[in-house]
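Read through the structure below, which is laid out as structure tokens, and then see the notes.
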Amino acid sequence: MKIKCVKNKIDAKSHYSILNKDMSDYLTIGKTFWVYGLRFSEHCNYVYIYNEEHLVEVPMEMFEIVDSKVSVEWIVKAQGVQEVMLWPNLFYIDDFLENFAEREMKERNEFNKLKAIIEVE
Amino acid sequence: MPPLSDIADLQASMGDFTPYYQQGESFSYGAWLDGFQTSLDVAGIADPFGIADGVNAVIYVGRGQWADAGISAMAMLPYVGNVAKSSRLASNAVRLTKKLASESQMAEIGQIIIRSDKLRDAAKLAEKYGGNATDWVKKTSQPFTINGVKFETHWYENLLTGAREEYKTKFIW
């Protein structure tokens, strides 16, 4: 799945818990990204993109879909009644996402392997 | 990868930077005093009476920075001390650039890289700084490069109150 950024900010009055609602310093409109996971939650739906530094979850409404093919690596899981994730198995591993954010070598290497697989599907 | 000496310089300058937060000293006051002392260093080069260097030495003593106090005291001697002082000015320039970069990073909105339910320390943060564990996230700044070394600043933020805590500079290898 590939998406293109069409806006980098959403309504500031939207629910406070919505993550990364102002990405104007970080996302360039028109840039395309591979999607590595999706999360559907009560107040917002998110895409997981990699910006060459970090995996960030960004509101889906900032993008339009340019390639709608869903990755075979994704596994559906529900968390409570308000959240559904469509993630690669790696993201469900305890501490993977935080260690990745902390630039731990093991997690970075594992993600690079996954990235290579997803990008040639 | 940058030479190890550059990294050591940066880490040494970081050592001067971080304590402003850890010790609870006002960052702007510390930064102002650093700037003032650098101005005294420059003024001391042209000061034939050694007054600027003398004042600087006293301030360094007051701050407990004995090596710098010694350099300033030595700089009161014509010509001899200016060599040591030039080296300190160069090191201060790196430190100042680092501080400005860090301040600039801390002024950013930041990107959330870990949301609360994936954040190991969410409960601890709520206990220590207040609010609910579900409101704490980890953010990062954009990366910045100085002397070939790339770094970014991470911090915890409460989404409800906007409170920011525990800034940390991460070197990117």
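Condition first: part of a loop (DSSP other than H, G, I, E, B) and closer than 16 Å to B:PHE36 by Cα. Now tell me which residues in the range B:51-69 satisfy that. Break it down into steps so the answer makes sense when it comes.
Filtering the range B:51-69 down to residues part of a loop (DSSP other than H, G, I, E, B) leaves B:63-65.
Once the filter is applied, which keeps residues that are part of a loop (DSSP other than H, G, I, E, B) and closer than 16 Å to B:PHE36 by Cα, the range B:51-69 yields B:ARG63, B:GLN65.
Tell me, please, whether a residue that is more than 9 Å from every other protein chain (Cβ to nearest Cβ) and either closer than 19 Å to A:GLU52 by Cβ or charged (D, E, K, R) (or both) can be found in the range B:152-159. Step through it out loud before you land on a result.
Just the residues of the range B:152-159 that are more than 9 Å from every other protein chain (Cβ to nearest Cβ), to begin with: B:153, B:155-158.
Add one more test, that the residue is either closer than 19 Å to A:GLU52 by Cβ or charged (D, E, K, R) (or both), and what stays is B:153, B:157.
Yes, the range B:152-159 contains at least one residue that is more than 9 Å from every other protein chain (Cβ to nearest Cβ) and either closer than 19 Å to A:GLU52 by Cβ or charged (D, E, K, R) (or both).
For the range B:129-154, give me the residue count where each residue is among the hydrophobic types (A, V, I, L, M, F, W, C) and at pLDDT 95 or above.
Pass one, the range B:129-154, residues among the hydrophobic types (A, V, I, L, M, F, W, C): B:133, B:136-137, B:144, B:146, B:149, B:151.
Narrowing the set further to residues that are at pLDDT 95 or above leaves B:133, B:136-137.
Adding up the residues that qualify gives 3.
Would you list the strands (runs of 3 or more DSSP E) that sit entirely within the range A:41-97 and hold 2 or more residues that are over 23 Å from B:ASP121 (Cα atoms)? Lay out the reasoning, then the answer.
Details: elements: A:45-50, A:55-59, A:63-67, A:74-79, A:83-88.
Result: A:45-50, A:63-67, A:74-79, A:83-88.
Can you confirm whether the range A:90-103 contains a residue that is of a type outside the set (Val, Ile, Thr), more than 14 Å from chain B (Cβ to nearest Cβ) and touching a residue at least 12 places away in the same chain (Cβ under 8 Å)? Outline the logic, then answer.
Residues of the range A:90-103 of a type outside the set (Val, Ile, Thr): A:90-92, A:94-103.
Keeping just the survivors that are more than 14 Å from chain B (Cβ to nearest Cβ) gives none.
Scanning the range A:90-103, I find no residue that is of a type outside the set (Val, Ile, Thr), more than 14 Å from chain B (Cβ to nearest Cβ) and touching a residue at least 12 places away in the same chain (Cβ under 8 Å), so the answer is no.
Please work out which one of (1) more than 13 Å from chain B (Cβ to nearest Cβ); (2) of a type in the set (A, V, I, L, M, F, W, C); (3) surrounded by 20 or more Cβ atoms within 10 Å (Cβ to Cβ) is the condition A:CYS5 fails and give its number.
Just one mismatch for A:CYS5, condition (3).
Restricting attention to the range B:131-151, and to residues there that are polar (S, T, N, Q) and within 10 Å of chain A (Cβ to nearest Cβ), which single residue is farthest from the chain's Cα centre (by Cα)?
Filtering the range B:131-151 for residues polar (S, T, N, Q) gives B:132, B:134, B:140-142, B:145, B:147.
When the remaining residues are screened for being within 10 Å of chain A (Cβ to nearest Cβ), the result is B:134, B:140-142.
Numbers: B:THR134: 31, B:THR140: 17, B:SER141: 16, B:GLN142: 17 Å.
My answer is B:THR134.
Among the residues of the range A:1-11, how many are within 27 Å of A:ARG108 (Cβ to Cβ) and outside any strand (DSSP E or B)? Write out each step before concluding.
Here is the first cut: in the range A:1-11, the ones within 27 Å of A:ARG108 (Cβ to Cβ) are A:1-5, A:8.
Checking the rest, the ones that are also outside any strand (DSSP E or B) come to A:1, A:8.
Residues that pass the stated criteria total 2.
Could you tell me whether any residue of the range A:49-70 is among the small types (Gly, Ala, Ser), more than 20 Å from A:ASN20 (Cβ to Cβ) and within 13 Å of chain B (Cβ to nearest Cβ)?
We begin by selecting, within the range A:49-70, every residue among the small types (Gly, Ala, Ser); these are A:68.
Those left that are additionally more than 20 Å from A:ASN20 (Cβ to Cβ): A:68.
Cutting the leftovers down to within 13 Å of chain B (Cβ to nearest Cβ) gives us none.
Looking for residues that are among the small types (Gly, Ala, Ser), more than 20 Å from A:ASN20 (Cβ to Cβ) and within 13 Å of chain B (Cβ to nearest Cβ), one finds none in the range A:49-70, hence no.
Tell me which of these B:ALA126 doesn't satisfy, since it passes every other one: (1) under 24 Å from the mean Cα position of the chain (by Cα); (2) at negative phi; (3) small (Gly, Ala, Ser); (4) modelled with pLDDT of 85 or more.
For B:ALA126, the failing item is (1).
Any idea which of (1) at pLDDT below 90; (2) in contact with an Asp or Glu (Cβ under 8 Å, 6 or more places away or on another chain); (3) of a type in the set (A, V, I, L, M, F, W, C) is the one B:LEU119 doesn't satisfy?
(1)
So, of the residues in the range A:12-38 that are assigned to a strand (DSSP E or B) and more than 9 Å from chain B (Cβ to nearest Cβ), which turns out to be farthest from A:TRP74 (Cα to Cα)?
At the first step, the residues of the range A:12-38 found to be assigned to a strand (DSSP E or B) are A:22, A:32-34, A:37-38.
This time we only want the ones that are more than 9 Å from chain B (Cβ to nearest Cβ), so: A:32-34, A:37-38.
Numbers: A:THR32: 20, A:PHE33: 17, A:TRP34: 13, A:GLY37: 7, A:LEU38: 9 Å.
Applying the filter and picking the extreme gives A:THR32.
For the range B:160-173, what are the residues that are among the hydrophobic types (A, V, I, L, M, F, W, C) and either at the interface with another protein chain (Cβ under 10 Å from one of its Cβ atoms) or in a strand (DSSP E or B) (or both)?
B:LEU160, B:PHE171, B:ILE172, B:TRP173
Let me spell it out: the conditions are (1) within 13 Å of chain B (Cβ to nearest Cβ); (2) modelled with pLDDT of 95 or more, and A:GLU83 meets all of them except one. Which number is the exception?
Of the numbered conditions (1) within 13 Å of chain B (Cβ to nearest Cβ); (2) modelled with pLDDT of 95 or more, the odd one out for A:GLU83 is (2).
Could you please give the count of residues in the range A:68-112 that are farther than 16 Å from A:PHE33 by Cα and loosely packed, with under 11 Cβ neighbours inside 10 Å?
10
The values are calculated or read from the model by the stated rules, or taken from the named source; none is laboratory data. For clarity, every value in this text was computed on a predicted model and none was experimentally measured. So basically every Cβ, Gly included, is an ideal-geometry build from the backbone, and we count neighbours across all protein chains shown.
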